[in-house]
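Worksheet: one structure, shown below.
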Amino acid sequence: MNAAPIYDLVLKDGHVICPASGIDGVMDVAVADGKIALVGKDILPSTARQVVDVRGKLVLPGMIDTHAHIYRYVTGRFGLDADMVGVESGVTALIDQGRRSCMTFPGFRHFVAEKAASRCYAFISAYLVGRP
């Protein structure tokens, strides 16, 4: 009798690089409840609800885009969807470089940061009115 899957997802045979852990090689990564549960070789596919073959791909922890423009409709043509730039592109955190000031930050927080699956941060400009 097969047991219920332990993991939600297993990324199979990717090149895992994690400088903090000293990992640099082809391994599997198991995810449970949105967190890395196990990194190792030959994790059984039957232990996961979903298995994705990432052979030939890099698997990296917590990439940060330090120069994003994600305040859509406020920063003009440079404003992109936070999750398209973030988690859908393999980046977990973004730092917005748009025109955020103390006057526009509450909107950024409400309309972008609180709604995104990506972690969204912003550098705040010192100006109050108009362009810098």
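The values are calculated or read from the model by the stated rules, or taken from the named source; none is laboratory data. Worth saying up front: this structure is predicted, and the values here are computed from it rather than measured. Note that each Cβ is placed from the backbone with ideal geometry, even for glycine, and that neighbours are counted across all protein chains shown. Remember, those area values only see protein heavy atoms, side chains included, never the ligands or the DNA or RNA. Shrake-Rupley method; radii C 1.70, N 1.55, O 1.52, S 1.80 Å.
When the solvent-accessible area of the chain is split by element, carbon and sulfur atoms take up 59 percent of it, the probe being 1.4 Å. Heavy-atom accessible area with a 1.4 Å probe sorts Cys102, Cys18, largest first, into Cys102, Cys18.
For the chain, the spread of Cα positions along the three principal axes, ordered from largest to smallest, is 66, 30, 23 Å. For segment 1-72, the list of trypsin sites (Lys or Arg not before Pro) that fall in a loop by DSSP and count at most 11 other C-beta atoms within 10 angstrom reads Lys41, Arg55.
Multiply the residue separation of Met103 and Phe123 by 0.36 nm, subtract the distance between their alpha-carbon atoms, and state the gained length in nm to one decimal.
Numbers: separation 20, 0.36 × 20 = 7.20 nm, distance 1.31 nm.
Gain on extension, Met103 to Phe123, equals 5.9 nm.
Shown in residue order for segment 65-72 are the 3J(HN,Hα) couplings computed by the Karplus curve 6.51 cos²θ - 1.76 cosθ + 1.60 at θ = phi - 60°: 8, 8, 8, 10, 10, 10, 8, 4 Hz (x for Gly and Pro).
Apply the Debye scattering formula to segment 1-45, with a single equal point scatterer on each alpha-carbon and no solvent, then give log10 I(q)/I(0) at q = 0.18, 0.31 Å⁻¹. After summing over all Cα pairs, the log10 values are -0.53, -1.16. Residues in segment 100-114 carry Karplus couplings, in order, of 7, 10, 4, 7, 9, 4, x, x, 4, 4, 6, 8, 10, 4, 6 Hz; the curve used is 6.51 cos²θ - 1.76 cosθ + 1.60 with θ = phi - 60°, and Gly or Pro positions show x.
Sequence-ordered 3J(HN,Hα) estimates for segment 55-63 from the Karplus curve with 6.51, -1.76 and 1.60 and θ = phi - 60° stand at 3, x, 10, 8, 10, 10, x, x, 5 Hz, glycine and proline given as x.
Close amide H pairs (under 5 Å, H built 1.01 Å from N) link Val59 with His15, Val16, Ile17, residues at least 5 positions away or on another chain.
Restricting the count to DSSP beta bridges whose residues both fall in the chain, what percent are antiparallel, rounded to a multiple of 5? That works out to approximately 50 percent antiparallel. In the frame of its principal axes, segment 36-84 has Cα extents of 48, 21, 21 Å, reported largest first.
Within the shell defined by Cβ-Cβ distances under 13 Å, the residues around Thr92 carry a net charge of -1, with Lys and Arg each +1 and Asp and Glu each -1. Surface listing: His69, His110 arranged by accessible area from highest to lowest gives His110, His69, probe 1.4 Å.
Think of it as helices only: each DSSP H run of n ≥ 4 in the chain is worth -39500 (n - 2.57), and spread over all residues that comes to -1000 deg cm²/dmol at 222 nm.
Let me check I've understood the local charge: for Leu11, count other residues with C-beta under 9 angstrom from its C-beta, Lys and Arg +1, Asp and Glu -1. What total comes out? So the surrounding residues net to -1.
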